[in-house]
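J.: Take a look at the following structure, please.
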Amino acid sequence: MAYKISATCINCGTCASVCPAGAITRGQTAHEINPDLCIGCGACAASCPVSAPIEAD
């Protein structure tokens, strides 16, 4: 299942640096996950200091 970034994101970039698929990019106020590129591995969720990446519905 793909992940998405919740409103708790502090835009630190930790998730993007560990994403093996390159699915995460920096947005204006938060990082964003491209659902077409996300492989659902959970590396972003495991690395995030504020638990912003969550499983998408």
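J.: Pairs needed: first member in the stretch 44-57, among the polar types (S, T, N, Q); second member anywhere, exposed (fewer than 14 other Cβ atoms within 10 Å of the Cβ) and at pLDDT 95 or above; C-beta distance under 7 Å; at least 6 residues apart or different chains.
T.: Ser51/Thr8
J.: Since Met1 meets every condition but one in (1) at pLDDT 95 or above; (2) hydrophobic (A, V, I, L, M, F, W, C); (3) exposed (fewer than 13 other Cβ atoms within 10 Å of the Cβ), which condition does it not meet?
T.: (1)
The values are calculated or read from the model by the stated rules, or taken from the named source; none is laboratory data. Just so you know, these numbers come straight off a predicted model, no measurement behind them. No Cβ is skipped: glycine too gets one built from the backbone with ideal geometry, and neighbour counts run over all protein chains shown.
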